[in-house]
Amino acid sequence: MSQPLSPCSTLEQLISATDEELEAGAWNLPPRTVLDYVMFLRQELTMARTEVARLNGVVADQQQNLSGLMNALGASHEPLPAEAPPRYAYASLLETTPSSAPPEYTTLSETPGSDLANLGGSQEQDIESDNVPTCVPSAPSEAEALYASWVPSASSEVASLSASSPPINSVLKLDDYTILRPGSNIQATFYFKKGTKIFSLGLLKEPGFYIFHMDFRPSPHGNMIVMDSNSGSNWEEDVRTKLPQLSDGSLVSVHIECRHTMFKVKVNGEELKRVFNYRYPIEDVRELGVTHGTNGNKWIALNYL
């Protein structure tokens, strides 16, 4: 039996508790923890409903296709159950042949100094403020284990990346069968060139609606990442943290893991000290967007699972 629930119990302990433990210890929980648990359950219910609707559509399409095939063969039949839908597949979004100019993906101002003002801060601001959730290193999660098993399937592509790899499109749409949820992973690679002042990676519901946005800001005054969201009108409360040291001319990996209540980010395998709590449903993400920066800095690979 696990440790009894108490006022110090975390959301993870509450989620993993048995029915008996919940019944015995629920009255000891603070209101905030109970509210977090309710929001977690509502998110799980929303994702389940979305998945049911998607599967119903897959079944209907399969039955329609089967009906057409049987009619063409001139046989009478009863509708058969559809096969299981395809798994959410690894999708390589590396552009190999340049096409027409991609749609513009806007970011925060690239005018030196003004980008900090737009987010309500300055270079003197403490980017490690205590009112931002801290990401404490822990044992590998199920999602991290899944990601580790997924990486080798992309090893041939990753090994082929270099300074001469072409930049990817600025806007990349998720396929119709992909819905981000806790356990989903996004992996990106950029080629870093010293002198670029700002470049970005974002998860969008639609153009202008940023569910999660990261500005990478290398600077002689201190490298940092600014994380924020924007429903289409204004940037909201940003979360700032230190950006690991980058070497000129190097390939840098960025891994975004979707947890139950937050995005967790690694740069070159190093966890950022801050996390970004969800502000909008992650299943609403339909696009991934990047801005490449200047001086030859560029994103050269972007994958999701």
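Out of all the residues in region 7-46, which are closer than 19 Å to residue 283 by Cα and either in a loop (DSSP other than H, G, I, E, B) or at pLDDT 80 or above (or both)? Spell out how you get there, then give the answer.
So in region 7-46, the residues closer than 19 Å to residue 283 by Cα come out as 36-46.
Correct list: empty.
Within region 253-267, can one find any residue that is farther than 26 Å from residue 35 by Cα, outside any strand (DSSP E or B) and open to solvent by 10 Å² or more (accessible area, probe 1.4 Å)?
Initially, region 253-267 is screened for residues farther than 26 Å from residue 35 by Cα, giving 253-255, 266-267.
Filter again for outside any strand (DSSP E or B), leaving none.
Scanning region 253-267, I find no residue that is farther than 26 Å from residue 35 by Cα, outside any strand (DSSP E or B) and open to solvent by 10 Å² or more (accessible area, probe 1.4 Å), so the answer is no.
Would you point out which residue out of 71, 28, 56 is open to solvent by 50 Å² or more (accessible area, probe 1.4 Å), over 25 Å from the mean Cα position of the chain (by Cα) and under 22 Å from residue 180 (Cα atoms)?
On the way: 71 fails: under 22 Å from residue 180 (Cα atoms); 28 fails: under 22 Å from residue 180 (Cα atoms).
Only one candidate qualifies: 56.
Looking at (1) modelled with pLDDT under 95; (2) crowded, with 22+ Cβ neighbours inside 10 Å; (3) polar (S, T, N, Q), can you tell me which one residue 200 breaks?
Here residue 200 clears every test but (1).
Tally the residues that are surrounded by fewer than 14 Cβ atoms within 10 Å (Cβ to Cβ) and more than 17 Å from residue 287 (Cβ to Cβ), restricting the search to region 203-235. Give the derivation first.
Start the filter on region 203-235 by keeping residues that are surrounded by fewer than 14 Cβ atoms within 10 Å (Cβ to Cβ), which leaves 206, 208, 219-222, 232-234.
If we keep only those that are more than 17 Å from residue 287 (Cβ to Cβ) as well, we get 219-222, 233-234.
Matching residues across region 203-235 total 6.
If I filter region 268-280 down to residues being touching a residue at least 60 places away in the same chain (Cβ under 8 Å) and open to solvent by 60 Å² or more (accessible area, probe 1.4 Å), which single residue comes out as nearest to residue 253 (Cα to Cα)?
Here the residue is 273.
Return the pairs, sorted by first residue and then second, in which the second residue is assigned to a loop (DSSP other than H, G, I, E, B) and open to solvent by 10 Å² or more (accessible area, probe 1.4 Å), the first residue lies in region 194-211 and is farther than 20 Å from residue 249 by Cβ and of a type in the set (Asp, Glu), the beta carbons are less than 9 Å apart, and the residues are 6+ apart or on different chains.
Qualifying pairs under 9 Å: 206/232; 206/286.
The values are calculated or read from the model by the stated rules, or taken from the named source; none is laboratory data. Because the structure is predicted, anything quoted here is derived from the model rather than measured. Please note: Cβ atoms are built from the backbone with ideal geometry, for glycine as well, and neighbour counts cover all protein chains shown. To get the accessible areas, we keep the full protein, side chains included, count just its heavy atoms, and leave off ligands, DNA and RNA. Shrake-Rupley method; radii C 1.70, N 1.55, O 1.52, S 1.80 Å.
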